[in-house]
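Just below is one structure, and these are the notes that go with it.
The values are calculated or read from the model by the stated rules, or taken from the named source; none is laboratory data. What you see is a predicted model, and the numbers here were worked out from it, not measured in a lab. Cβ placement follows ideal geometry from the backbone for every residue including glycine, while neighbour counts extend to all protein chains displayed.
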């Protein structure tokens, strides 16, 4: 494990931006991503993690300064993302938690070994085992684990396998909760069309969105810019990005997408066509051992109804909160509402002496 000293404010975003293999480090504006000091770490491991490659293994990690007795909050990004997507949240959450954000193995600034998994079981183990090895190296226990989208799926699967290390689970717009049967008729009809058949073929061939970006070569950055400008600008359901934020996020997203393919190749093994999990979390709801808070943006394309169905079978406390003016990236669209939802979900750890179950204004209980 190697550890660097805390960075100056002007360096922080550029550290979160990973260096691509065989390519010069991209130029990044010296803008401030966060005001809170943090320590960047690359947590090394000798484990193979289901890959035959002998490349180095490490998990890119940032740990933010906090109060000594603050509970530990570990944040796990979703598919096609990385830790920097939480840039609007670090300062606010670090006031209450010891915040640690990671890039999952094969993503962002973590190592990208050859992906050789050939089944759902192997693919889940790639992420779960590497996270457990990282947890051991960091000597963490009794943590609050937060995962977004695909990261929520992995966080939940990890909690099912290693519940003794997790005191609370926060699933943000989590993928893989509901089963394909919820939309089976619609998906079957679409698959029967020429377009649906083509997309299904590409899906089963593991043709990822990242391959499109790489394939466009020098036009890739412009494609990413159009996406970020639309998704977090004109089409945002909440707080749009500033010009500087948009430029920084575009650079960040492009370099994480265009780097060597690794973790992204999990797609077809974890999800069936239509982004439904091949092994839905709903199937394991009765085995849940960790109290859970589900958070969804009000306009999230991941439906909260899957969580409602799962709650019926869970034997541990479970809350479902919807954040107004938020889509699938509620932590970017409405960071204030998102922070309120996280703090509410963790209220017994932050204010154990207070008996206040009143939902913060604006949030919606489902």
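Taking residue 127 as meeting all but one of (1) touching a residue at least 40 places away in the same chain (Cβ under 8 Å); (2) out of contact with any strand residue (DSSP E or B) (no Cβ under 6 Å at 6 or more places or on another chain); (3) over 27 Å from residue 318 (Cα atoms), write down the number of the exception. Exception for residue 127: condition (3). In segment 129-152, the qualifying residues are those that are more than 14 Å from residue 58 (Cα to Cα) and in a helix (DSSP H, G or I), and the one that is nearest to the chain's Cα centre (by Cα) is 151. Please enumerate the residues belonging to segment 341-358 that are within 30 Å of residue 242 (Cβ to Cβ) and in contact with a strand residue (DSSP E or B) (Cβ under 8 Å, 6 or more places away or on another chain). Those that are within 30 Å of residue 242 (Cβ to Cβ) and in contact with a strand residue (DSSP E or B) (Cβ under 8 Å, 6 or more places away or on another chain): 341, 342, 344, 345, 346. Screening segment 28-124 for strands (runs of 3 or more DSSP E) wholly inside it with 1 or more residues that are modelled with pLDDT under 90 and surrounded by fewer than 18 Cβ atoms within 10 Å (Cβ to Cβ) returns the ranges 38-45.
Among the residues of segment 339-366, those that are part of a helix (DSSP H, G or I) and either under 28 Å from residue 286 (Cβ atoms) or more than 18 Å from the chain's Cα centre (by Cα) (or both) comprise 340, 341, 342, 343, 344, 345, 347, 348, 349, 350.
Among residues belonging to segment 301-314 that are touching a helix residue (DSSP H, G or I) at 6+ places or on another chain (Cβ under 7 Å) and buried (at least 22 other Cβ atoms within 10 Å of the Cβ), point out the one that is farthest from residue 156 (Cα to Cα). The qualifying residue farthest from residue 156 (Cα to Cα) is 306.
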